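A.B. asks: What follows is a single structure, and I will ask about it in a moment.
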């Protein structure tokens with residue numbers, strides 16, 4: 001599927017401290033300023049902690065408008081613009097999106113705006129406080145490109161892959177190196193279901209952080225990916241990281257022809273195959289679980305059902321959390337970009353609030369469907385001592401299917 | 001004679017350092033962008049004056065003690081203070097006309113107590129109504145403050161403007177649903193004001209009823225830091241029914257009939273007038289289409305127990321039908337009522353006369369009127385709006401009129417008559433602002449006062465164009481003189497939100 005959102009051609013024009021704000025950007029900023037009811041503010045998980053509306057969609061757009069009226073300077077925006085989690089809640093809640101849809105090609109695109117302002121600022125010779133952590137992360141991923149196809153042999157050690165590329169598992173660098181349980185579990189579950197599939201081994205640097213630094217570089221990797229998808233005859237792309245899933249169905253269609261390639265999130269695909277083959281997990285796992293919707297699924301592409309439906313396949317497992325619409329205000333604190341790398345303390349407080357909400361439900365486990373959420377919650381649990389363990393949905397399903405991933409987990413250097 | 005701005009103290013580095021000592025470094029905002037976005041609130045704004053009303057510093061206090069220390073400091077140094085809640089007000093209450101310190105109350109959003117037995121909650125005034133109700137819902141309770149800014153306004157701002165709610169006919173408005181509150185005066189003194197002298201008693205005959213003095217003060221007297229608010233059992237049934245009429249007389253009479261029928265569960269009744277329906281028809285993406293013969297639409301809502309609401313709805317249908325009203329069905333009822341908080345914040349609601357979408361900001365006037373004044377006011381408001389549309393083509397647009405019930409706990413008597421005006425705000429010049437927008441507002445305010453009505457029912461009448469008419473004409477029977485005396489007594493240095501309500505006049509010779 002694709003998720004239709006405004007592609008605003010005027011975003012191609014660079015913003016700069018030495019130029020006036022272009023007219024189309026003034027209108028763009030005004031559209032959010034003029035609403036002034038700030039639904040974007042009160043749904044923002046970051047605002048929920050800092051209570052500073054400068055860190056919200058309203059704040060970002062108002063700052064741009066203020067510059068156009070001679071108040072403020074472009075190169076002074078960064079202290080606030082790094083506070084965006086890129087979770088997408090503000091875009092959904094904005095009347096320009098929720099009431100106008102994309103009728104006027106003026107849906108609110110806060111993510112595009114903050115990413116553009118950051119990279120234009122960097123291109124302008126500007127600096128961003130603590131950006132070095134983001135740069136290090138991207139450099140680490142850039143360093144993996146030369147030998148990226150070898151990553152599969154590490155995370156998939158001991159797993160037999162069928163090698164049929166009509167259906168391919170898309171595994172990004174973060175998941176291939178830090179969240180290896182996810183592709184391993186996915187591969188083993190699919191194997192157990194008798195699905196023939198291969199692994200797409202050359203994703204390049206797909207991290208959304210790159211969109212805040214160098215869009216052309218991000219597009220270069222994406223161009224290669226689309227070319228390879230077609231050369232390899234991939235018909236179904238099964239994506240294990242929802243951050244990549246959101247990029248593939250929100251960003252790729254803006255630039256590339258993705259016709260003929262069905263991009264599916266891993267929980268959707270597993271569920272579909274279970275239904276198709278009439279197979280259900282057989283081992284009962286009794287328990288009440290919180291479930292945290294990944295922002296990238298629930299907000300950025302408004303898909304929230306399949307992880308829940310997959311858990312419902314497990315006999316005895318019950319999700320007791322609030323529904324997806326009520327989770328727009330949540331984030332694990334990692335965000336969908338550089339946020340956690342720059343604002344570690346606020347990220348921790350956001351995650352702590354979310355884990356506490358889970359603890360208040362009287363559960364000891366919070367299920368997640370995103371390796372970044374799992375990583376962040378693991379960190380928050382350790383620091384806070386909150387008695388809630390993050391567990392990936394696929395782990396629960398794998399256990400219920402008799403797949404013991406831990407015993408075959410490889411050691412990644 | 002007014003207090004010159006030069007008599008105010010400056011926000012120096014020393015002041016900033018002291019503010020940081022009070023609230024912590026991270027809660028003192030000096031960055032220009034963080035200050036600039038607190039220059040305006042929710043209504044069309046004089047963008048040309050942006051720099052002139054950007055506060056010198058923003059502070060986010062964490063509680064009453066912080067506010068006490070901030071106000072003591074500001075008072076000692078005669079620095080203007082503008083309290084800011086959600087920034088969603090429509091009367092410019094949160095606009096720092098004299099710059100100075102913006103006290104942003106958003107961190108004071110704690111729920112201190114939910115007293116289920118006595119049906120009240122004690123909260124910080126930085127709390128938002130939706131957030132409070134999310135906590136109350138599992139308890140089967142609700143704080144019934146249902147306003148356009150339900151998802152983003154904050155209780156402190158609601159108190160500051162004496163807020164009005166869509167369902168006030170059943171539950172009362174903010175002056176009714178706030179039981180008592182904690183006020184920090186400019187000299188740092190903290191007082192609780194309520195019905196009497198205690199926090200949870202609604203009706204008392206002890207002493208002066210000071211709660212009303214500190215209601216709708218628009219930040220000119222104090223900063224309200226905590227409040228005890230009324231809780232209601234969550235309604236078992238919420239019914240919204242829309243009825244079509246083909247003429248004004250029947251629509252207007254049906255409004256009268258439904259509001260005076262004696263229903264205890266009626267929460268609101270409304271008219272969408274002909275110009276409003278025409279405007280909504282232009283707005284093709286968000287409106288449920290109505291047949292062409294529909295010229296006016298009446299709404300009635302009932303909230304309460306099923307055993308009360310169901311028979312009331314049945315009788316309400318009969319009343320509407322007796323006046324020629326045609327029920328528009330559940331889709332209209334549920335859909336339109338559900339979008340009541342959202343639908344008017346889309347700037348592309350604007351339309352040129354030939355139907356093209358254009359970027360306009362929404363503004364509504366909020367006249368308080370009695371029933372028999374409604375027909376004349378409706379005609380006059382459209383007439384004024386059309387005059388300025390002709391004078392300034394493309395800058396203003398008549399987006400029609402709503403009429404809502406307004407009397408707390410009952411449907412009859414008072415109404416909010418609201419003309420909505422589209423404003424091409426980005427295109428306004430100093431001339432069209434002064435001679436177009438402000439003059440139009442002034443004429444609308446004057447029309448209300450000429451009919452012995454009130455300039456404002458919910459936003460507050462401290463906005464440019466309104467304040468002069470409201471203070472000098474509506475309040476002419478001694479009220480404004482008394483306001484000035486009170487202001488001078490409580491705030492002798494005129495630090496609290498100076499420039500509002502014409503109260504600079506309190507400091508004359």
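Bear in mind these aren't lab numbers, they're just calculated from the coordinates by the rules spelled out. Quick caveat, the model's predicted, so the values are computed rather than measured. Cβ coordinates were reconstructed from backbone atoms using ideal geometry, including for glycine residues, and neighbour counts include every protein chain displayed.
A.B. asks: Could you work out the mean count of beta carbons from other protein chains within 10 Å of each residue's beta carbon in B:50-60?
C.D. replies: 2
A.B. asks: Give the span of segment A:57-135's Cα atoms along each principal axis, as three whole-Å numbers ordered largest to smallest.
C.D. replies: The principal-axis extents, from largest down, are 38, 31, 17 Å.
A.B. asks: Taking neighbour Cβ counts within 10 Å as the exposure measure, how do A:160, B:439 sort from fewest upward?
C.D. replies: A:160, B:439
A.B. asks: Another question about this same structure. Percent of alpha carbon pairs in chain B separated by more than 42 Å?
C.D. replies: When all Cα pairs of chain B are counted, 17 percent exceed 42 Å.
A.B. asks: Let me ask something additional. Taking the alpha carbon gyration tensor of chain A, what are the square roots of 5 times its eigenvalues, largest first, to the nearest whole Å?
C.D. replies: Semi-axes (√(5λ), whole Å): 35, 24, 20.
A.B. asks: Once you sort the root eigenvalues of the Cα gyration tensor of segment A:151-256 as a ≥ b ≥ c, which label holds: rounded (a/c under 1.5), prolate (a/b larger than b/c) or oblate (the other case)?
C.D. replies: prolate
A.B. asks: Name the shape class, rounded, prolate or oblate, that the alpha-carbon gyration tensor gives for segment A:42-181, where a ≥ b ≥ c are the square roots of its eigenvalues, rounded holds for a/c under 1.5, and otherwise prolate holds if a/b is larger than b/c and oblate otherwise.
C.D. replies: prolate
A.B. asks: Something else now. Please give the length that would be gained between residue B:30 and residue B:387 if that part of the chain were fully extended, namely 0.36 nm times their separation in residues minus their C-alpha to C-alpha distance (nm, one decimal).
C.D. replies: Full extension of this stretch gives 124.2 nm more.
A.B. asks: Which whole number gives the average, over all residues in B:149-158, of C-beta atoms from other chains lying within 10 Å of the residue C-beta?
C.D. replies: Mean shielding count: 3.
A.B. asks: Continuing with this model, one more query. Relative to the longest principal axis of chain B, what angle (0 to 90°, nearest 10) does the C-alpha long axis of helix B:479-490 take?
C.D. replies: It is inclined by approximately 30 degrees.
A.B. asks: Simple spin-label model, 7 Å along Cα-to-Cβ: residue B:468 to residue B:209 in nm?
C.D. replies: 3.4 nm
A.B. asks: If packing is taken as the mean number of other Cβ atoms within 10 Å per residue, what is the order of A:138-147, B:198-207, B:376-385, highest first?
C.D. replies: B:376-385, A:138-147, B:198-207
A.B. asks: Report, in whole Å, the centroid distance computed from the Cα atoms of segment A:102-138 and segment B:479-499.
C.D. replies: 47 Å
A.B. asks: Rank the residues B:313, A:171 as a footprinting-exposure proxy: fewest other Cβ atoms within 10 Å of their Cβ go first.
C.D. replies: Ranked by crowding around the Cβ, least crowded first: B:313, A:171.
A.B. asks: Take the Cα coordinates of the protein assembly as shown, assign each an equal point scatterer, and use the Debye formula without solvent to give log10 I(q)/I(0) at q = 0.09, 0.10, 0.11 Å⁻¹.
C.D. replies: Result of the Debye calculation: -0.99, -1.19, -1.38.
A.B. asks: Now, a different point. Relative to the compact globular guide of 2.2 N^0.38 Å, what is the alpha carbon radius of gyration of segment B:189-231, as a ratio?
C.D. replies: 1.14
A.B. asks: Summing -39500 (n - 2.57) over the DSSP H runs of n ≥ 4 in chain B and dividing by its residue number, what mean residue ellipticity at 222 nm do you reach, to the nearest 500 deg cm²/dmol?
C.D. replies: It comes out at -8500 deg cm²/dmol, rounded to the nearest 500.
A.B. asks: Going by a ≥ b ≥ c, the root eigenvalues of the Cα gyration tensor, does segment B:429-494 fall in the rounded group (a/c under 1.5), the prolate group (a/b larger than b/c) or the oblate group?
C.D. replies: oblate
A.B. asks: Taking Cα atoms, how many degrees apart are the long axis of helix A:371-384 and the longest axis of chain A, rounded to 10 and kept between 0 and 90?
C.D. replies: With both axes taken from Cα atoms, the answer is about 80 degrees.
A.B. asks: Please work out the C-alpha center-to-center distance from segment A:350-373 to segment B:81-109 and express it in whole Å.
C.D. replies: After rounding, the separation between the Cα centres reads 35 Å.
A.B. asks: Please compute the alpha carbon radius of gyration of segment B:289-408, then divide it by the globular-protein estimate 2.2 N^0.38 Å. Two decimals is fine.
C.D. replies: Expressed relative to 2.2 N^0.38 Å, the Cα Rg reads 1.29.
A.B. asks: If you count, for every residue in A:109-115, the Cβ atoms of partner chains within 10 Å of its Cβ, what is the mean?
C.D. replies: Per residue, the average neighbour count from other chains is 0.
A.B. asks: Moving to a separate point now. Taking each pair of different alpha-carbon atoms in segment A:285-339 once, compute 1/r for the pair, average those values, and report the inverse of that mean as the Kirkwood hydrodynamic radius in Å to one decimal.
C.D. replies: Roughly 12.1 Å, rounded to one decimal.
A.B. asks: Share of Cα-Cα pairs in segment A:215-262 beyond 15 Å, in percent?
C.D. replies: Value for segment A:215-262: 41 percent of Cα pairs lie more than 15 Å apart.
A.B. asks: Follow-up. Kirkwood-based Rg over Rh for segment B:247-332 (C-alpha set), two decimals?
C.D. replies: Ratio of gyration radius to Kirkwood radius: 0.99.
A.B. asks: Further question on the same structure: Post the alpha-carbon centroid distance, segment B:120-194 to segment A:162-236, in whole angstrom.
C.D. replies: 51 Å
A.B. asks: Using only C-alpha positions, report the orientation-averaged shadow area of the convex hull of segment A:111-212, nm², one decimal.
C.D. replies: For segment A:111-212, averaging the hull's shadow over all directions gives 7.8 nm².
A.B. asks: Please state the equivalent ellipsoid semi-axes for segment B:394-448: what are the square roots of 5 times the Cα gyration tensor eigenvalues, largest first, in whole Å?
C.D. replies: Taking √(5λ) for each eigenvalue gives 29, 12, 8 Å, largest first.
A.B. asks: So for each of A:232-245, A:186-199 I average, over its residues, the number of other beta carbons within 10 Å; can you give me the resulting order with the highest mean first?
C.D. replies: Per-residue Cβ counts within 10 Å, averaged per peptide and sorted highest first, yield A:232-245, A:186-199.
A.B. asks: Going by how many other Cβ atoms sit within 10 Å of their own, how do A:250, B:386, B:158 line up, fewest first?
C.D. replies: Neighbour counts put them in this order, fewest first: B:386, A:250, B:158.
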